[in-house]
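Each reported figure results from applying straightforward, stated rules to the coordinates on display, with no laboratory input. All of these numbers come straight from a predicted model, not from anything done at the bench. Neighbour counts run over all protein chains shown; Cβ positions are idealised from the backbone, glycine included.
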Amino acid sequence: MQSDALYHLTPERKRNTLLIEAAWEVCNQVGGIYTVIRTKVPAAVGFWGDNYCLIGPWFANMAQGEFDPIEPGNDAVGRAVRALLDKGVEVHYGRWLVSGRPRVILLNPLSDLPQTNANKHYYWEAHGIASPTGDDLYDKVLAFSHLVTLFYEQLTAARQESLSIIAHFHEWMAGLPIADIRRNQWPIRTVFTTHATLLGRYIAMNDEQFYEKLDQYDWLHEAQHYGIEHMVRIERAATAHCDVMTTVSQVTGSECEFLLGRKPDLLLPNGLNIERFVALHEFQNLHQQYKNKIHQFVMGHFFQSYSFDLDNTLYFFTSGRYEYRNKGFDLTLEALARLNWRMQQAGMSTTVVMFFVTRRPYRSINPEVLESRGVMEELRETCNAIEKQIGERLFQVAASQHEHRLPDLNQFVDDYWRLRFRRTLQSWRSTHLPSIITHNLIDDQDDEILNFMRRANLLNHAHDRVKMVYHPDFISPMNPLFGMEYGQFVRGCHLGIFPSYYEPWGYTPLECGASGVPSVTSDLSGFGDYVMNAFDNHKDCGMYVVNRRRKTFYQAADQLADILFQFVQFSRRDRINQRNKVESLSATFDWKYLGKFYLEAYDRALA
């Protein structure tokens, strides 16, 4: 983490500056901001050392596995923590067990819930924020905000006059203390980062002309319409009162201007700790290793009905929160239907298996899918036993006979294994089409992904060149269908597809690149917009961008289908070259480079 032009953050000033970063997702994995904070920590600690600290909520079930308690020291932070403990506040002080092991302060919002009515009255009187009843998350956010404000009050009292304090807040759930810092005129410089405006996310899900009408929306009317006025008012209060206002991309910057009433002072693009992904020359071998594991799933899922050449099969995937339109699932499906038709018309022998990985409520894994996988494993054990038996007997015969020709191997398999082999195969074979979904959904008839597949006849017919696998759950080693980490699954695939309609940044294509996997994003995602502006050759390097900003839905679907059709025609050498290029390009997204934007924000705050 470095910057070439830090005018106020001189080495001496840095030694006397305390940076505290507050977020709802510190030691609390909920969504993408957890990844932003956690991966940025090593670079932040590398620059600030122990002058860097984080604040988050204490939820025991989430925090205990990644928090190591320590005794507070005699510095300003330690004295403020002890002052809170003396006042009976439940505060946990220690180290976050991630790379860099930063200091962390965790405050329990549940301990402050008895003060909920008093908190609501105060925020109405002080900041004009009315609070609803019956919103459990909102009550916890208010409680957390109150406790964070108490901490900064004690920190202000404990600081030495020479100590500068920068307080950085992420998202509305952590941003409310900014208004109190300004109201009390405490000597604390504040930075606020919104990673996605609340209104933007809600409106984009429901209005197909969101970007065309962005400058026409009445924020208050829209907030009341969607029942989120209280949350939007917190977001606007943080935006209005912070010293430096930031967001993650130009795409979200426009939302801030029209929905929050303030243009961002700076853009803070998201990076990754690329060292976590680095495999040097091994990443090609890892692709082969994990692709073979995906082969095992595909054989168990499809080969009971029909088979295809796995050496001529490509694995595509998309993943993320289930937002059918915002995440571009609708566009992806439309393009896949067109790709399937084009590949059939071209007489291609290549097979594409497309995985949709997203979380949906389900009753159970589909018993037929699970049974097929189980029978295939039994077939594997049978084949291994026959192989061992043939090998041992063949060696005995070869060593004892004087002839040089290969004997009939069938004679080396006894009747038990012949019968078991035949019965296992017979019980495995099926005349049914392979299922397009691995689980039994609770709301099967109203699921948009399933309904599109049914309407488009993407039902895994033998003649389909594009096969569909909808997996409505996380991929993890405990998953009986895959038995691998999500990151390993990504490495085993050939292409990630993420043509989002609303995506303030978008980590998935960046994670693909760091794993040596090409991907498709859109110019309406922060990442896609950044790539288009930063790299002229992004397409050649395996970072494809669909132009959704100025194209209709069907024009964008045609463009995406073109990209996919071109990709399936690549030779193996072409794909290897592109994996090398995208893995190399991803290094430019390391926090040690992108962290300079954060330092510029802190430099401005000190100014």
Helix 415-428 sits at what angle to the longest principal axis of the chain, using alpha carbons and giving 0 to 90 degrees rounded to 10?
50 degrees
Any aspartates and glutamates whose Cα falls less than 13 Å from that of Lys388, other than same-chain ones fewer than 8 residues away, would be Asp414
Relative contact order for the stretch 258-396 using alpha-carbon pairs under 8 Å, separation at least 6, rounded to a whole percent?
28 percent
When the helices in the chain are scored as -39500 (n - 2.57) per DSSP H run of 4 or longer and the sum is shared across all residues, what 222 nm value do you end up with, to the nearest 500 deg cm²/dmol?
-14500 deg cm²/dmol
Val30 versus Glu161: modelled label distance in nm, points set 7 Å from Cα along the beta carbon direction:
4.1 nm
Taking the square root of 5 times each eigenvalue of the Cα gyration tensor, what semi-axes in Å does the equivalent ellipsoid of the stretch 344-386 have, largest first?
27, 24, 8
Roughly speaking, what % of Cα-Cα pairs in the chain are separated by over 39 Å, rounded to a whole number?
39 percent
Work out, step by step, the length gained on full extension between Thr588 and Asn285: first 0.36 nm times the residue separation, then minus their alpha carbon distance; give nm to one decimal.
106.8 nm
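Within the stretch 20-109, report the trypsin sites (Lys or Arg not before Pro) that DSSP leaves as loop and that have at most 14 other Cβ atoms within 10 Å. Could you put the intermediate results ahead of the total?
Numbers: sites: Arg38, Lys40, Arg79, Arg82, Lys87, Arg95, Arg103; in loops: Lys87.
Qualifying residues, ordered by number: Lys87.
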At most 15 other Cβ within 10 Å, DSSP loop - trypsin sites (Lys or Arg not before Pro), the stretch 351-399
Arg359
Label point at Arg363 placed 7 Å out along Cα→Cβ; residues across the stretch 440-471 whose backbone nitrogen lies under 11 Å:
440-444
Output row, site Ala462, 7 Å Cα→C-beta label point, backbone N cut-off 13 Å, window the stretch 423-446, residues 430-434
If packing is taken as the mean number of other Cβ atoms within 10 Å per residue, what is the order of 251-262, 456-467, 559-570, highest first?
251-262, 559-570, 456-467
Two-decimal Rg/Rh across the stretch 1-140, once Rg and the Kirkwood Rh are taken from alpha-carbon atoms:
1.01
Two decimals is fine: what is log10 I(q)/I(0) at q = 0.18, 0.23, 0.32 Å⁻¹ for the stretch 162-201, from a Debye sum with one equal scatterer on every Cα and no solvent?
-0.53, -0.76, -1.09
Using Cα atoms only, what is the angle between the long axis of helix 76-86 and the major principal axis of the chain, expressed in degrees (0 to 90) to the nearest 10?
90 degrees
Eigenvalues of the alpha-carbon gyration tensor of the stretch 109-230, times 5 and square-rooted, give semi-axes in Å, largest first, of 30, 19, 12
Round to the nearest 0.05 the FRET efficiency obtained for Val397 and Arg418 when R0 = 22 Å and r is the Cβ-Cβ distance.
0.75
How far apart, in nm, are the 7 Å Cα→Cβ label points at Leu425 and Glu66?
5.0 nm
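Per residue and in cubic angstrom, what volume does the convex hull of the Cα atoms of the stretch 242-324 have? Provide the component values of the computation, followed by the final result.
Numbers: hull volume 15.3 nm³, N = 83.
It comes to 185 Å³ per residue, whole-number rounded.
Where in the stretch 144-234 are there trypsin sites (Lys or Arg not before Pro) that are in a DSSP coil and have at most 16 other Cβ atoms within 10 angstrom of their Cβ? Can you show the working numbers first?
Details: sites: Arg159, Arg182, Arg183, Arg189, Arg201, Lys213, Arg233; in loops: Arg159, Lys213.
Here the trypsin sites (Lys or Arg not before Pro) that fit, given the DSSP loop and packing criteria, are Lys213.
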Compute the FRET efficiency between Gln569 and His225 as 1/(1 + (r/R0)^6), taking r as their Cβ-Cβ distance and R0 = 41 Å, and round to the nearest 0.05.
0.30
Of Leu585, Leu370, how do they rank once you tally other Cβ atoms within 10 Å and put the fewest first?
Leu370, Leu585
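Express the relative contact order of the stretch 369-428 as a whole percentage, based on alpha carbon pairs under 8 Å and six or more residues apart in sequence.
On the way: 25 pairs, mean separation 34.3, N = 60.
The value is 57 percent.
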In the stretch 462-547, if every C-alpha pair distance is counted and binned at 5 Å from zero, what percent goes to each bin?
3, 14, 20, 20, 18, 13, 8, 3, 0
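What ranking of Met453, Met532 emerges when the number of other C-beta atoms within 10 Å of each C-beta is taken as an exposure proxy, fewest first? Walk me through the numbers on the way to the answer.
Numbers: Met453 21, Met532 17.
With the sparsest Cβ surroundings first, the list reads Met532, Met453.
When the chain is fully extended, how far beyond the present Cα-Cα distance does Gln445 get from Thr10, taking 0.36 nm per residue of separation?
Values: separation 435, 0.36 × 435 = 156.60 nm, distance 6.11 nm.
So the chain would gain 150.5 nm between Gln445 and Thr10.
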Percent of Cα pairs exceeding the 26 Å cut-off, where the set is the stretch 329-478
49 percent
Determine the distance separating the Cα centre of the stretch 348-375 from the Cα centre of the stretch 393-438; give it in Å without decimals.
28 Å
Placing each pseudo-label 7 Å from Cα in the direction of the beta carbon, Arg550 and Lys263 end up separated by a distance in nanometres of 2.2 nm
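Can you give the relative contact order of the chain as a percent, counting alpha carbon pairs under 8 Å and 6+ residues apart?
On the way: 1042 pairs, mean separation 100.6, N = 607.
It comes to 17 percent, rounded to a whole number.
For the stretch 369-428, what is the convex hull (Cα atoms) projected area averaged across all directions, in square nanometres? Before the final figure, lay out the partial values.
Working: hull surface 17.5 nm².
Hull-based average projected area comes out at 4.4 nm².
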Sorting Tyr306, Tyr34 on the 10 Å Cβ count, fewest up front, what's the list?
Tyr306, Tyr34
Less than 14 Å Cβ to Cβ from Gln578, Lys/Arg counted +1 and Asp/Glu -1: what total charge do the surrounding residues give?
+3
